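Data first, discussion second: the structure below is written as structure tokens.
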Amino acid sequence: MSKTSSTTKAPTFDLFSTKRAYSTDEHEMYRTSLQKFIEKEVKPYLHEWEENGYTPRELYKKMGEHGFLSPQVDPAYGGLGLDFGFNLVLAEETSRIGGGIGGASLHSSITVPYIEKYATEEQKLKYLNGCVTGDIFTAVAMTEPGTGSDLASVNTTAVRDGDYYVINGQKTFITNGLNADLIFVVVKTDPKAVPARKGISIIMVEKDTPGFICGRKLKKMGGHSQDTVELIFEDARVPVSNLLGKEGEGFYILMDKLQQERIICASSAFALGQEMLESTIRYVKERHAFGVPISSFQNTQFEIAEMATELSIAGAFIDDLAVRHMNGEDITTQASMAKWWMTDKARKMSARCLQLHGGYGYMEEYDIARQYRDVAVMPIYAGTNEIMKNIIAKNLGL
């Protein structure tokens with residue numbers, strides 16, 4: 001008798017696939033639509049926006065009109081009621097194009113969820129629909145000239161005066177600050193509170209509030225097309241009804257969404273890593289030196305192999321965390337691990353990819369030059385990577 005043999009073909013591994021463990025067909029349809037939007041509405045103008053140091057407010061209005069802002073908002077408030085995976089798609093695809101339009105993800109996945117969970121019904125009805133349509137764009141103002149990661153030490157004060165809070169102080173490094181219509185301002189409502197974090201509150205300040213001044217637009221190393229500004233409050237009078245949650249809850253409200261924010265940061269860094277590595281592989285195959293493609297050199301192959309391995313490991317870890325977060329698990333420690341590890345890897349990858357581009361990598365016509373600048377801030381925002389390690393160590397009982 002003849003022996004019949006059968007072989008099973010191993011699936012082709014695609015490091016650069018955008019489909020993730022959390023993805024359904026609906027997520028990928030959303031991704032495809034967003035990619036087409038970016039191709040038409042962003043890429044042709046990105047260089048101009050980088051030169052001007054500003055992304056027009058109209059872009060975010062268009063994103064809202066196409067359903068790309070705050071997809072998770074309940075339909076009762078004008079949203080689509082979609083799961084967290086759609087927020088990840090938004091973060092990943094905006095990260096691929098560059099740091100300049102990342103403000104859409106901050107608006108949709110960081111600030112708007114504060115309203116969804118902690119706002120009164122009146123506040124939800126007033127703001128959420130506009131946050132979905134793009135008529136309202138948001139920012140969060142935490143950092144001050146003398147205060148970064150230590151939020152309990154903020155010096156901006158809000159003093160109750162009848163039906164108003166009178167706010168005085170200054171904020172800096174505020175992403176979306178120039179474009180924002182609604183700012184979530186971290187203030188101290190009780191300077192004598194012990195511990196100090198119990199005196200922290202969040203007040204929503206509208207852009208036309210008397211005494212609220214949008215200061216200078218800051219010049220940054222990267223993210224040139226993203227508006228980053230100083231905010232100044234000089235006896236700004238804000239209705240008490242604009243308090244988010246209760247007095248003294250601000251610190252805890254901010255902490256509540258950090259797990260989600262850090263998964264988004266890790267996933268964004270991963271997507272940017274994919275983009276940098278894929279374009280670098282294309283370049284080393286096309287570029288010749290000494291009569292052969294530089295992809296044939298052992299050093300090039302080793303560099304690419306190492307980065308591909310690191311990305312593969314990171315992708316598996318981040319995908320697992322995304323699914324677990326969507327299932328409601330507490331993964332604070334692991335989210336901190338993912339945030340510091342992936343953003344650190346992405347920063348190092350940018351230097352390695354730029355080096356493989358040689359002199360052309362230093363030229364603005366190549367995306368790697370901009371990506372090299374943009375990625376540098378990732379280990380800093382959403383809690384510095386040093387803070388991430390402190391959190392991990394503390395949760396390990398150290």
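Remarks
- Residue in region 368-383 that is assigned by TED's automatic domain parsing to the domain that holds ARG282, within 13 Å of PHE270 (Cβ to Cβ), within 19 Å of the chain's Cα centre (by Cα) and not in a loop (DSSP other than H, G, I, E, B) present: yes
- Odd one out for ILE213, checked against (1) crowded, with 20+ Cβ neighbours inside 10 Å; (2) closer than 20 Å to GLY146 by Cα: (1)
- Lone unmet requirement of (1) closer than 28 Å to ILE110 by Cα; (2) surrounded by fewer than 19 Cβ atoms within 10 Å (Cβ to Cβ); (3) touching a residue at least 12 places away in the same chain (Cβ under 8 Å) for GLY358: (1)
- Matching residues, region 158-192, being of a type in the set (Gly, Ala, Ser), more than 21 Å from GLY100 (Cβ to Cβ) and in contact with a strand residue (DSSP E or B) (Cβ under 8 Å, 6 or more places away or on another chain): ALA158, GLY169
- Pairs where the first residue, in region 300-312, is on the phi > 0 side of the Ramachandran plot and the second is of a type outside the set (Ser, Thr, Tyr), C-beta under 8 Å, 6+ apart: none
- Scanning region 14-51 for residues that are of a type outside the set (Val, Ile, Thr) and under 24 Å from GLY222 (Cα atoms) yields a count of 15.
- All positions within region 342-355 that are surrounded by 19 or more Cβ atoms within 10 Å (Cβ to Cβ) and hydrophobic (A, V, I, L, M, F, W, C): MET342, ALA346, MET349, CYS353, LEU354
- Where helices (runs of 4 or more DSSP H) fall entirely within region 71-170, those with at least 1 residues that are in contact with a Gly (Cβ under 9 Å, 6 or more places away or on another chain) and either closer than 23 Å to LYS198 by Cα or of a type in the set (S, T, N, Q) (or both) are at 84-97, 112-118, 121-133.
- Residue match in region 251-260 (condition: part of a strand (DSSP E or B) and more than 25 Å from GLU93 (Cα to Cα)): no
- Test: residue in region 164-171 that is among the small types (Gly, Ala, Ser) and at pLDDT 95 or above: yes
- Residue within region 113-120 that is within 20 Å of GLN226 (Cβ to Cβ), of a type outside the set (S, T, N, Q) and crowded, with 19+ Cβ neighbours inside 10 Å present: no
- Some residue of region 326-341 being β-branched (Val, Ile, Thr) and crowded, with 22+ Cβ neighbours inside 10 Å: no
- If you filter region 52-88 down to residues that are in contact (Cβ under 8 Å) with a residue 40 or more places away in the chain and closer than 22 Å to LYS219 by Cα, you find that the one that is surrounded by the most Cβ atoms within 10 Å (Cβ to Cβ) is THR55.
- Scanning region 153-202 for residues that are within 21 Å of ASP256 (Cα to Cα) and under 22 Å from the mean Cα position of the chain (by Cα) gives ILE174, THR175, LEU182, ILE183, PHE184, VAL185, VAL186, ILE202.
- Note on region 1-39: residues that are assigned to a loop (DSSP other than H, G, I, E, B), of a type outside the set (Val, Ile, Thr) and at pLDDT 50 or above total 10.
- Boolean, GLY328 is modelled with pLDDT under 95, in the same structural domain as MET378 (by TED's automatic domain parsing), small (Gly, Ala, Ser) and within 19 Å of the chain's Cα centre (by Cα): no
- Looking across ALA271, ALA316, ALA305, ALA322, one residue alone is within 21 Å of the chain's Cα centre (by Cα) and either exposed (fewer than 14 other Cβ atoms within 10 Å of the Cβ) or farther than 25 Å from TYR381 by Cα (or both). It is ALA316.
- Enumeration of residues in region 218-247 that are acidic (Asp, Glu), surrounded by fewer than 21 Cβ atoms within 10 Å (Cβ to Cβ) and touching a residue at least 60 places away in the same chain (Cβ under 8 Å): GLU230, GLU234, ASP235
- Of all residues in region 175-204, those satisfying the criterion of being at pLDDT 95 or above and part of a strand (DSSP E or B) are LEU182, ILE183, PHE184, VAL185, VAL186, VAL187, LYS188, ILE200, SER201, ILE202, ILE203, MET204.
- Complete set of residues in region 315-339 that are assigned to a helix (DSSP H, G or I) and aliphatic (A, V, I, L, M): ALA316, ILE318, LEU321, ALA322, VAL323, MET326, ALA335, MET337, ALA338
- Here region 135-147 is the region considered, the condition is being in contact (Cβ under 8 Å) with a residue 60 or more places away in the chain and farther than 12 Å from VAL112 by Cα, and the residue that is surrounded by the fewest Cβ atoms within 10 Å (Cβ to Cβ) is ASP135.
The values are calculated or read from the model by the stated rules, or taken from the named source; none is laboratory data. Please read all numbers here as calculations on a predicted model, not as lab measurements. We place every Cβ from the backbone using ideal geometry, glycine too, and count neighbours over all the protein chains shown.
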